[in-house]
Each structure stands twice: as structure tokens, then as C-alpha cells.
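Visitor: My questions will all concern the structure given below.
All of the numbers you see were taken from the coordinates with simple rules; none came from a lab. Computed from a predicted structure; not experimentally measured. With ideal geometry, Cβ positions are generated from the backbone for all residues, glycine too; neighbour counts draw on all protein chains shown.
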Amino acid sequence: MAMNSLGLIEMTSIAAGMQAADIMLKTANVELVLSRTICSGKYMVLIGGDVAEVQSAVDAAASQIDFAIIDTFVIANVHPDIFPALSGHSDVGELEALGILESFSVASLIEGADAAVKSANVRIIEIRLAMALGGKAFCTITGEVSAVRSAIDSGALVISEKGLLVNKVVIAQPRKELLSEMI
């Protein structure tokens, strides 16, 4: 199955989240990437596959369980670096400038991270999703200072459009110890 698209539903109810996962998998030919509880008492379902299939699955679940939705997205042609960053397996090599995006929702953060890595020549280090974060999410990226600033601004704009930006930071010449703390 081609994994060129991601779809996500973030819900206020664990039971509704499990139901949404079932609806999504029964509606379309999609692959379950992640389905789990997240802080604080929320649930997320992340699927991948062809754009039309992912859109169909997200729409079906959202229309049947709209009362519990916090946020949703479908990202067509997701940047390939998003997949390893979600699983925490990005190999960034050396830490250059460090950019951090922080969001109140998992969905808006992934959308922001995708926009960030598509907008500039940067490498994504990690995407952390709501576990032990009070329901928030953040991502870290590295590259040259100007590229990181541009990427962080692009990602922050996407998150801000939903009113969910917590903070954005760019650190020029971060200490190397920061990388060991992140991964």
C-alpha cells in the first residue's frame, strides 16, 4: 500500500476513539499507523495510505462521531521524514541550529511539522505526541539557522491558524548535550 498520505482523528473520548479506528479501517483501504490513548484522557487514531482512501476514512469516522472530535487532518503527499520522526528513529547526525514547535493538539503539530520540513532545507529530529506532555505535542528540527527559522515560522503559521500554538523557538548554536536529551 502506498503511504503517501496521513490522516488523524484526535478525540476527547477513549471509547469514541476506538470506535473511530474501527470505522476508519472498515471504510477504506488504509493502514493503521497508531491508535492509542494520549494524555489527558484523549485518544488518537493515525492512518496512512492513498490520499482518497485516507480522506474517505477520516470523513466517515468524523461524520459518525463528531461530538468527540478535538481535531482532524488529512495530509496529502506527507514529507517522508515525518514517518521516522513519529517513531523516534530519525538519524540527524550533527545538531546545527535547533527549532522547536509546540502545540496544544497532536493533529495541529503533525500538520505544522509537515509544513516545516517541506518549506526549508531542514531535518526533523523527532515528533513527540501527548504522552507525559499533558496532551500537548512538540517537534524538533535542525539545519542552518536561516532554514530553521523559515521552517519554524512555516510550521507555526499552520498551527496558529487553528489557534493551538503554544510556542516556537529557534536556538542558534545549541549545546551538543541537548541532542542527547532529545533522543
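Visitor: Considering the Cα positions of region 41-97, please state its Rg to one decimal place and its Dmax as a whole number of Å.
Guide: So, for region 41-97, Rg and Dmax equal 15.0, 46 Å respectively.
Visitor: Please give the calculated 222 nm ellipticity per residue for the chain, where each DSSP H segment of at least 4 residues contributes -39500 (n - 2.57) and the sum is spread over every residue; nearest 500 deg cm²/dmol?
Guide: Calculated mean residue ellipticity at 222 nm is -12000 deg cm²/dmol.
Visitor: Most exposed first by the Cβ proxy, i.e. fewest other Cβ within 10 Å, how do 111, 31 rank?
Guide: Placing the least packed residue first, the sequence is 31, 111.
Visitor: Within the chain, how many Lys pairs sit with Cα atoms under 27 Å apart, leaving out pairs fewer than 8 places apart on the same chain?
Guide: 12
Visitor: In addition: Normalising by the residue count of region 1-86, find the relative contact order in percent from Cα pairs under 8 Å and 6+ residues apart.
Guide: Averaging sequence separation for qualifying contacts and normalising by length gives 42 percent for region 1-86.
Visitor: For residue 157 and residue 22 in one chain, what is 0.36 nm times their gap in residues minus the Cα-Cα distance, to one decimal in nm? Intermediate results must be reported in sequence, preceding the final value.
Guide: Details: separation 135, 0.36 × 135 = 48.60 nm, distance 3.24 nm.
Value of the extension gain: 45.4 nm.
Visitor: Below 8 Å between Cα atoms, with a sequence gap of 6+, how large is the relative contact order for the chain in percent?
Guide: 22 percent
Visitor: Follow-up question, since we're still on this one. Tell me which label goes with the value of percent of Cα pairs over 27 Å apart computed from the coordinates here: (i) 70; (ii) 24; (iii) 47.
Guide: Here the calculated entry is (ii).
Visitor: Multiplying the sequence separation of residue 64 and residue 77 by 0.36 nm and subtracting their Cα-Cα distance, what value in nm do you get?
Guide: 2.1 nm
Visitor: Pick from 107, 151, 97: which residue has the top mean-square fluctuation in a GNM of the chain where Cα pairs under 10 Å get a spring?
Guide: So, out of 107, 151, 97, the one fluctuating most is 97.
Visitor: Would you mind ranking 32, 46 so that the residue whose beta carbon has the fewest other beta carbons within 10 Å leads the list?
Guide: 32, 46
Visitor: Another question, if that's okay. Between residue 173 and residue 146, with labels modelled 7 Å along Cα→Cβ, what's the label distance in nm to one decimal, could you check?
Guide: My value for the distance between the label points is 1.8 nm.
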